[in-house]
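Visitor: The structure's right below; bear with me while I get my questions together.
The values are calculated or read from the model by the stated rules, or taken from the named source; none is laboratory data. In this text, all values refer to a predicted model and were calculated from it rather than measured experimentally. All Cβ positions, glycine included, derive from the backbone under ideal geometry; neighbour counts span all protein chains shown. For accessibility, only protein heavy atoms count, side chains too; no ligands or nucleic acids. Shrake-Rupley method; radii C 1.70, N 1.55, O 1.52, S 1.80 Å.
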Amino acid sequence: MHELIQEVLRQIAEEPWMFMVEIVQFLLLVLIIRFLLPRVVGSALKERLKRITAAVEKADQADAAYAGVQQQAAALVAAAHAEAQRTIEAARTAAQDEHRVGLEQVEQEANAILLQARQTSETEKIRVAGEASEQLITLVTLVTRRYIEESLTESERRAVTQKLILASLNEMEGTASH
C-alpha cells in the first residue's frame, strides 16, 4: 500500500496540471450530481415515489377490506351455525310433536279397537246366553215331558197341562197390565 501511495504522489509531481484537471472534473461531476441530476431525474423519482405510495395505500386499503371481509365471513358463519342450530331444534321439536300425535292416534285407535272388542264380546255373551237359555228351556221341556209321560197317566197329564196353561195366561195378563 505504501508503494501505491508513492506512485500516486510521483504522478502528481510529474504532471500537476493533469491532477488539477482531474480535480476540476471531479468537482464538476459532484455539482452535476448534486444540482442537475435531481432536477432531471427528480421528477421521475418523485412520480415513482407517488406511484409506490399510492400502491402501498391501495395495499393497506386492500388489507383493511380483507380484514373486514374476514370479519363479515366469520359473522356469516356464526349466523349460519346459529340458524342451523335453530333449524335442528325446530326439526327435533316437530319430530317430537309428530311422534306424540302419532302415539295419541295409535292410542285412540287402540281404545276404539278395545271398545269394539268389548262390544263384540258383550254381544257374543248375550247371544251365547240366549242360545244357552233356549237350549236349557228345550232340555227342561224334554225332561219334564218325559217325566210327565212316565210318571203321570193321560188324565193327570191333561189336568196338569190345563193348570199350566191357565197359570201362563194369568201371568201374561199380569205382565200386560203392568
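Visitor: Take the conditions open to solvent by less than 60 Å² (accessible area, probe 1.4 Å), hydrophobic (A, V, I, L, M, F, W, C) and part of a helix (DSSP H, G or I) and apply them to ALA64. Does it pass? I'd like the intermediate steps shown before the answer.
Guide: On the way: open to solvent by less than 60 Å² (accessible area, probe 1.4 Å): no; hydrophobic (A, V, I, L, M, F, W, C): yes; part of a helix (DSSP H, G or I): yes.
No.
Visitor: Moving on to the next point. Restricting attention to the range 45-61, which residues are modelled with pLDDT of 90 or more and open to solvent by 70 Å² or more (accessible area, probe 1.4 Å)?
Guide: The answer is LYS50, ARG51, ILE52, VAL56, GLU57, LYS58, ASP60, GLN61.
Visitor: Another question about this same structure. Note down all Cβ pairs under 9 Å where the first residue falls in the range 100-115 and is open to solvent by 80 Å² or more (accessible area, probe 1.4 Å), the second is not polar (S, T, N, Q), and they're at least six residues apart or on different chains.
Guide: none
Visitor: What are the residues in the range 107-138 that are over 53 Å from the mean Cα position of the chain (by Cα) and not small (Gly, Ala, Ser), if any?
Guide: Listed by number, the residues that qualify are LYS125, ILE126, ARG127, VAL128, GLU131, GLU134, GLN135, LEU136, ILE137, THR138.
Visitor: Among the residues of the range 15-31, which ones are open to solvent by 80 Å² or more (accessible area, probe 1.4 Å) and either assigned to a helix (DSSP H, G or I) or touching a residue at least 60 places away in the same chain (Cβ under 8 Å) (or both)?
Guide: Within the range 15-31, TRP17, MET18, MET20, GLU22, VAL24, GLN25, PHE26, LEU27, LEU28, LEU29, LEU31 qualify.
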